[in-house]
């Protein structure tokens, strides 16, 4: 593991060699996506030109005075200085375009990096999270409802985010904030009491949750005609909050039946539930039932809680920055906000004030989380930056948004079964391989795009097996490992100059750590997908151009490139929660 990334090393070199030019200027270094034109680039000359018009001391004036009048001229002055004191990890620095500066890593550095990655693929990932703590809250299904394809997004995006922070050295706490409290349980209990003959079917049902969700759907269908049902639902939830024995027993049974379903789906998706806090189940909403009143009291003591219309208790924001946030309903019942505040106060007390909290929840709740975070800043619990909402878009049907109430949903279990079936036909795979390929395709299809985008559900898109897909990356990793298996023992690789395809591959390999840093800092796993796809393309171009197994003195280094590729692809897919089959 490294403490400083290559990008940071280049920033330090720029700062040291160009200190009189920089004068406090922020240095930005970018990964160059076209390695033939450099491995990294900076726009520092363009930035400094806005400030530097003349150099009164005359130290940096170029012999060709015309260069003083353009950003490109300033870039040439900077490049001349840097090339005169080039560090060993760089081979050259050049001016590009109208004033950009490109940096080329030396072959010796690329060989060194390749050999390190071949030994440990995580070796180029800077441990920027060392000594830091983070909570990633994700998945968070609702009791008494099977997983829909919509639940897939939070589950796999959140899992990938937690994995990203772990490889950076963060102390990661995973929380599955289970939806096991709220008015929906009053409605479900009301439905159980209203139609006991339907509920009795659950004792013989293979999938008890299917019976529960059908009752929930029936409740909403009948409530359109019988307005008294909604009131009965609210009354039963109040009983549940007040500790009514019958209500509590029915509620607990619903939780137990639901976890049978959840554990089965998590296992299918490769989600390790043992990593969740609180004995693998996370801190569900009900855990905070007795922790809400102290928060309500604190809001009152600090003068933040006011009576709104019709007697509800609300918080108003200064200068009407956001709409008022309701904390208690007019009947005194709690809401999501009440429970979330209790959750975050508990986290503050349990994990310490230096914790970062990430909520991976649908983008439609963006306003609510802005209100919640602002209130927590007003309470001085957290500072800006400690609370992060990663919002994902919807999986939508062509006719609109999915809805459990209306029964217009696609169940995740059906999608998983279809994925495995298609993978079996696609590659004539055995069942174990088909599960890895099918679920890999399913996850990749989601993770390869920015999380905030909506996805129109299309079987061919979701379960794509070709092109920019999970199976393509898996196949490349399997191909690389197959080459290594044929080679057997690898001799010591001696440093040498790279040919074009070798250098492009080596350059892409050493940028894995930069990709992880970007993906984690922007809470965006799709950057990892983009990187892995480009790496797979680079390896396949190298594989098709260069003889690997029978290339004399060239063989050892080419095998190390292959080994580094196999390990990087495998680790990258592991971060995304995707397994690599033994063969394809």
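Summary table
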{"quantity": "Answer residue from segment 504-539, given it is in a helix (DSSP H, G or I) and touching a strand residue (DSSP E or B) at 6+ places or on another chain (Cβ under 9 Å) and is surrounded by the fewest Cβ atoms within 10 Å (Cβ to Cβ) among those", "calculated": "518"}
{"quantity": "Flag if residue 123 is surrounded by fewer than 24 Cβ atoms within 10 Å (Cβ to Cβ), in a loop (DSSP other than H, G, I, E, B) and modelled with pLDDT under 95", "calculated": "no"}
{"quantity": "Residue in segment 548-565 that is under 23 Å from the mean Cα position of the chain (by Cα) and surrounded by 19 or more Cβ atoms within 10 Å (Cβ to Cβ) present", "calculated": "yes"}
{"quantity": "Which numbered condition residue 456 misses (of (1) in contact with a strand residue (DSSP E or B) (Cβ under 7 Å, 6 or more places away or on another chain); (2) without any contact (Cβ under 8 Å) to a residue 24 or more places away in the chain)", "calculated": "(2)"}
{"quantity": "Within segment 16-33, considering residues that are in contact (Cβ under 8 Å) with a residue 40 or more places away in the chain and assigned to a helix (DSSP H, G or I), the one nearest to residue 170 (Cα to Cα)", "calculated": "17"}
{"quantity": "Elements of type helices (runs of 4 or more DSSP H) contained in segment 179-263, each with 1 or more residues being buried (at least 18 other Cβ atoms within 10 Å of the Cβ), in contact with a helix residue (DSSP H, G or I) (Cβ under 7 Å, 6 or more places away or on another chain) and in contact (Cβ under 8 Å) with a residue 24 or more places away in the chain", "calculated": "183-194, 208-223, 228-241"}
{"quantity": "Only listed residue being assigned to a loop (DSSP other than H, G, I, E, B) and modelled with pLDDT of 80 or more, chosen from 451, 419", "calculated": "451"}
{"quantity": "Residues located in segment 264-293, provided they are surrounded by 15 or more Cβ atoms within 10 Å (Cβ to Cβ) and in a loop (DSSP other than H, G, I, E, B)", "calculated": "270, 271, 281, 282, 283, 284"}
{"quantity": "Neighbours by Cβ (under 6 Å, 6+ apart or cross-chain): first from segment 361-375, assigned by TED's automatic domain parsing to the domain that holds residue 156; second in a helix (DSSP H, G or I) and crowded, with 18+ Cβ neighbours inside 10 Å", "calculated": "372/340"}
{"quantity": "Candidate set: segment 16-54, residues that are exposed (fewer than 12 other Cβ atoms within 10 Å of the Cβ) and under 30 Å from the mean Cα position of the chain (by Cα); chosen: the one modelled with the highest pLDDT", "calculated": "26"}
{"quantity": "Residue within segment 152-173 that is crowded, with 21+ Cβ neighbours inside 10 Å and more than 26 Å from residue 355 (Cα to Cα) present", "calculated": "yes"}
{"quantity": "Segment 456-488: number of residues that are on the phi > 0 side of the Ramachandran plot and either surrounded by 18 or more Cβ atoms within 10 Å (Cβ to Cβ) or at pLDDT below 90 (or both)", "calculated": "1"}
{"quantity": "In segment 294-323, the residues that are under 15 Å from residue 340 (Cβ atoms) and assigned to a helix (DSSP H, G or I)", "calculated": "294, 295, 296, 298, 299"}
{"quantity": "Any hit, segment 3-15, residues being modelled with pLDDT of 90 or more, surrounded by 14 or more Cβ atoms within 10 Å (Cβ to Cβ), within 37 Å of the chain's Cα centre (by Cα) and outside any helix (DSSP H, G or I)", "calculated": "no"}
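The values are calculated or read from the model by the stated rules, or taken from the named source; none is laboratory data. It should be emphasised that the depicted structure is a prediction, and the values quoted were computed from it without experimental measurement. With ideal geometry, Cβ positions are generated from the backbone for all residues, glycine too; neighbour counts draw on all protein chains shown.
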